[in-house]
Amino acid sequence: MAGNRFEDAARVWDERYGTSEFVFGIEPNSYLAKQAPLLKAGQRALAVADGEGRNSVWLARQGLLVDAFDISSTGVAKARRLAQNAGVSVDYRVSDCATWVWSADAYDVIAAIFIQFADPTLRAQLFAGMATALRPGGLLILQGYTPKQLEYNTGGPGVLENLYTAPMLRAAFAELEIVELEEYEAELGEGTRHAGRSALVGMVARKPAHPAGDGTAAIAT
Ligand SMILES: C[S@@+](CC[C@H](N)C(=O)[O-])C[C@H]1O[C@@H](n2cnc3c(N)ncnc32)[C@H](O)[C@@H]1O
């Protein structure tokens, strides 16, 4: 039942975040930070399942106008403190992604960093919501683990069906233009929960300025 699922996930993550340490650290995810040249001050950004705020705070420090949500009220409370200490403003909400309202064409940038709590059913809903919420020309920046991560066991959900491959992401986001999509391995040092050799996938994808079929894409300039 959705209500119980919310309470379970919220309780699990509240417990994980119930420490003075930032369990994923306070530095942004390195794949997100690598995309800095693509970002512009004043753009509207959404950090999905943002946890303790390391990525939303970094986006705000780049001058973006940032909204962020997470299911864990403990995580969001820590994120608010992180933002305050950094002297930036982020609009934080406690929400389940399953009930988040994905306003259409709302964001220039959506950061989806390690959101592999979602099983295939929730993932389909989540991916569709993110694509809807991107403005034409907006960027989705996504980082996750590939199935090989099950051998490393250095982070992630440990559930095969929740993991991503590059072909799976390409198919799931067929309506977006892929700017970059790569499976790779790296040493992660993101707090205590993402630590060590990791099998990763990173994707940057752009919502077409004129979605195919609206009749405007073919207009010559
Ligand atoms: C692996 S952590 C990543 C946090 C953050 N994105 C980062 O990179 O630091 C996954 C996050 O998903 C959140 N979460 C789990 N289930 C969720 C749901 N149904 N809706 C929203 N957030 C959820 C957890 O509270 C946790 O903060």
statement: Only one of (1) closer than 20 Å to Q143 by Cβ; (2) part of a loop (DSSP other than H, G, I, E, B); (3) away from the ligand (no atom under 11 Å from the Cβ) does not apply to E52, and that is (3)
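Return the residues of segment 57-91 that are closer than 21 Å to K40 by Cα, touching a helix residue (DSSP H, G or I) at 6+ places or on another chain (Cβ under 7 Å) and not small (G, A, S); say none if nothing qualifies.
Matches in segment 57-91: V57, W58, R61, Q62, V66, V88, V90.
This table checks each residue for (1) farther than 19 Å from S30 by Cα; (2) surrounded by 15 or more Cβ atoms within 10 Å (Cβ to Cβ).
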site: T99; (1), (2): yes, no
site: D105; (1), (2): yes, no
site: I110; (1), (2): no, yes
site: L122; (1), (2): yes, yes
site: G129; (1), (2): yes, yes
site: G138; (1), (2): yes, yes
site: G156; (1), (2): no, yes
- request: For Q125, work out the one condition from (1) at negative phi; (2) not in a helix (DSSP H, G or I) it doesn't fulfil.
  value: (2)
query: Is there a residue in segment 84-93 that is under 16 Å from the mean Cα position of the chain (by Cα) and over 26 Å from R206 (Cβ atoms)?
result: yes
query: What are the pairs, 6+ residues apart or on separate chains, where a residue within segment 71-84 that is closer than 13 Å to N55 by Cα and open to solvent by less than 40 Å² (accessible area, probe 1.4 Å) has its Cβ under 7 Å from a residue that is within 12 Å of the ligand (Cβ to nearest atom) and of a type in the set (D, E)?
result: G75/E52; V76/D70; K78/E52; A79/D50; A79/E52; L82/E52
statement: Scanning segment 19-49 for residues that are free of Cβ contacts under 8 Å to residues at least 60 places away in the same chain, open to solvent by less than 60 Å² (accessible area, probe 1.4 Å) and part of a loop (DSSP other than H, G, I, E, B) gives T19, P28, G42
- prompt: Is it fair to say W13 is free of Cβ contacts under 8 Å to residues at least 60 places away in the same chain, in a helix (DSSP H, G or I) and surrounded by 17 or more Cβ atoms within 10 Å (Cβ to Cβ)?
  reply: no
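Report, by residue number, each residue of segment 158-188 that is in a strand (DSSP E or B), open to solvent by less than 50 Å² (accessible area, probe 1.4 Å) and away from the ligand (no atom under 16 Å from the Cβ).
L181
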- prompt: Name the pairs whose Cβ atoms lie under 8 Å apart, with the first residue in segment 94-108 and under 21 Å from P136 (Cβ atoms), the second of a type outside the set (D, E) and open to solvent by 70 Å² or more (accessible area, probe 1.4 Å), and 6 or more positions between them or separate chains?
  reply: D105/R135; A106/R44; A106/R135; Y107/R44; Y107/R135; D108/K40; D108/R44; D108/R135
message: With the requirement that a residue be part of a strand (DSSP E or B) and of a type in the set (A, V, I, L, M, F, W, C), what does segment 189-211 give you?
response: A195, A199, L200, V201, M203, V204, A205
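The values are calculated or read from the model by the stated rules, or taken from the named source; none is laboratory data. Quantities reported herein were computed from a predicted structural model and do not represent experimental measurements. Neighbour counts are summed over all protein chains in view; Cβ atoms, including those assigned to glycine, are modelled from backbone coordinates with ideal geometry. These accessible areas exclude ligands, DNA and RNA; they are computed on the full protein's heavy atoms, side chains included. Shrake-Rupley method; radii C 1.70, N 1.55, O 1.52, S 1.80 Å.
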